[in-house]
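The values are calculated or read from the model by the stated rules, or taken from the named source; none is laboratory data. Bear in mind the structure is a predicted one, so any value in this text is a computation, not a measurement. Every residue, glycine as well, gets a Cβ built from its backbone with ideal geometry; the counts of neighbours run over all protein chains shown.
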Amino acid sequence: MAIGLLLADDHPIFRQGLKALLEKEGFNVVAEGANGVEAVRLAEKLRPDIAILDFSMPRLNGLDAAKEILRASPRTKVVMLTVHREEQYVVEALNAGIKGYVLKSEAATALVEAIREAYAGNAYLSPGISRFAVDSCLLKTMGEAPAEILSPRELQVLQLIAEGNTTRVIAGQLKLTVKTAESYRTGLMAKLDIHETAGLVRYAVRRGLVKP
């Protein structure tokens, strides 16, 4: 039976081309999503073998979507397909349980290999990523780095703020009261010591939650 894939990327032309390429390689693309929220919903419903996610997606970024997918469908392996080569992104992905990390600048063969390795339960890093740098970052993370400052829900709120959504819209998307959504916004500013929306947007861009 062909390996079942879920594709999530907010660029339809890229996603369609990727689907055609992977189906030519013998994979079965069972679903496509245009944002992180769709990806989580489809993964929970269809339980694909592999979810291929873009790092920067609307509504819910690829990293947080991956965490939710792995909770909802533990048998699904996640491969990140992204333009981000910085070690901080790679380390966050590996620590989240993501099996593959592939740069969009690589040849298609790298993604095909990542899918097969992930399906077999192995980790795969794109050839364009420095394994030495990642190993050293992982050692620092395990030994000395402080705990994550923001909770998964706070990261979701931050991303939606950075995408230009009002508090009322954020409350509706996350099924919160407006008062609760406003409390999250206030809490974010206090935790990050950032006291204006523009500063939150800049922080979200640095974290890779939204595109510049």
Margin query: Checking the conditions here, which among LEU42, LEU53 is outside any helix (DSSP H, G or I) and crowded, with 19+ Cβ neighbours inside 10 Å?
Written below: LEU53
Item checked: Among the residues listed as GLU163, GLU196, the single one being at pLDDT 85 or above and surrounded by 12 or more Cβ atoms within 10 Å (Cβ to Cβ) -> GLU163
Check: Which members of the stretch 151-200 meet the condition of being in a helix (DSSP H, G or I), under 18 Å from PRO58 (Cα atoms) and among the basic types (Lys, Arg)?
Finding: ARG153, ARG168
Check: Are there any pairs with C-beta distances below 8 angstrom linking a residue in the stretch 69-90 that is assigned to a helix (DSSP H, G or I) to a residue that is of a type in the set (D, E, K, R), with the two at least 6 apart or on different chains, and if so which?
Finding: ILE69/GLU44; ALA72/GLU44
Checklist line | Of the criteria (1) under 16 Å from the mean Cα position of the chain (by Cα); (2) over 14 Å from GLY208 (Cα atoms), which one ALA93 fails | finding: (2)
Notebook entry, point to check: Where residues in the stretch 80-110 are touching a helix residue (DSSP H, G or I) at 6+ places or on another chain (Cβ under 8 Å) and among the β-branched types (Val, Ile, Thr), which of them is modelled with the lowest pLDDT?
Noted result: VAL91
Checklist line | Count of the stretch 31-79 residues which are of a type in the set (Val, Ile, Thr), in contact with a helix residue (DSSP H, G or I) (Cβ under 6 Å, 6 or more places away or on another chain) and within 21 Å of VAL210 (Cβ to Cβ) | finding: 3
